[in-house]
Amino acid sequence: MLFIPGYRDGRAPYGTFVGRISVASATWLRNDQIDPGYSAYDQAFVVLHPNAAGRRVQDAVGAAQRIGYDVPGGRTVHQFGYPRSSADPARDGLPEYTGQRLAYCTGTAIEAADEPRGQWGAACVMGGGSSGGPRMTDFEVRTGFGTVVGDNSWGYLPGERHLVGPQFTTAITRPLFETAQHTPV
């Protein structure tokens, strides 16, 4: 796994960071996306090696986002990703929909009705490649900071397409994050 913060049109302004270890729920790994009843577990953290200059990602980029657990849904969110496609044919071929530039959607998150509880997201046309991107509340465009409350997982069609995924919880997300934080270097 390779993380390239600030990636745009093939450029890596902060360097590249190779994943050292991934931390995912054993429940998710055992069920391997077979049963949608386990969608709440579709989340993970990746611990990164330093870049070629020896800098840790938070030192190279300058900060880390906040993580929110058990934040109520139905709030204004920003969702980010590097989609390779769009559910809107008018956007096909645009740089933001070829995986070359960061794309985003913003709106009020709704809970998906045809999945287990806890799958939230806003109206969004981002397609494949946006999975795993953050869903954030209290996002400040000026600073680029917000609180990550979930991740992008799949498209939901309640009339218009929504990009939804699990809401981060104390029960599922916090243990994963704590494990990642305490992984020896």
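The values are calculated or read from the model by the stated rules, or taken from the named source; none is laboratory data. Worth saying up front: this structure is predicted, and the values here are computed from it rather than measured. Please note: Cβ atoms are built from the backbone with ideal geometry, for glycine as well, and neighbour counts cover all protein chains shown. For the accessible areas, the whole protein counts, side chains as well, though only heavy atoms, and no ligand, DNA or RNA atoms are used. Shrake-Rupley method; radii C 1.70, N 1.55, O 1.52, S 1.80 Å.
Using the Cα centre of the chain as origin and beta-carbon charges of +1 (Lys, Arg) and -1 (Asp, Glu), tell me which of Tyr41, Tyr97, Pro72 is placed farthest towards the positive end of the dipole.
It is Tyr97.
Given the whole protein assembly as supplied and a 1.4 Å probe, what does the accessible area of Tyr82 come to in Å², nearest 10?
Near enough 70 Å² of accessible area.
If I model a spin label as a point 7 Å beyond the Cα along the Cα-Cβ vector, how far apart are those points for Thr170 and Arg101 in nm?
For Thr170 paired with Arg101, the spin-label model returns 4.2 nm.
Using r as the Cβ-Cβ distance of Ser85 and Glu178, and R0 as 35 Å, what FRET efficiency do you calculate, to the nearest 0.05?
0.50
Restricting to DSSP loop positions (anything but H, G, I, E, B) with no more than 16 other Cβ atoms inside 10 Å of their own Cβ, which chymotrypsin sites (Phe, Trp or Tyr not before Pro) remain in the stretch 39-97?
Qualifying residues, ordered by number: Tyr69.
Per the helix-only calculation at 222 nm, which mean residue ellipticity applies to the chain, given -39500 (n - 2.57) for every DSSP H run of n ≥ 4 and division by its residues, nearest 500 deg cm²/dmol?
Value at 222 nm, helices only: -2500 deg cm²/dmol.
Can you tally the net charge around Tyr7? Count Lys and Arg as +1, Asp and Glu as -1, for every other residue whose Cβ sits under 14 Å from the Cβ of Tyr7.
Combined, the nearby Lys, Arg, Asp and Glu give +2.
Run the numbers on the stretch 21-113 and let me know its relative contact order in percent, using alpha-carbon pairs under 8 Å that are six or more apart.
21 percent
Percent relative contact order of the chain, based on C-alpha pairs within less than 8 angstrom and at least six residues apart?
Here the relative contact order equals 23 percent.
Please compute the modelled spin-label separation between Asp138 and Asp59, points set 7 Å along Cα→Cβ, answer in nm with one decimal.
Here the modelled spin labels are 2.8 nm apart.
For the pair Asp92/Met1, report the inter-label distance in nm, with labels modelled 7 Å from Cα in the Cβ direction.
About 3.2 nm, to one decimal.
Counting pairs of alpha carbon atoms under 8 Å apart in space and at least six apart in sequence, what relative contact order in percent does the stretch 91-158 give?
22 percent.
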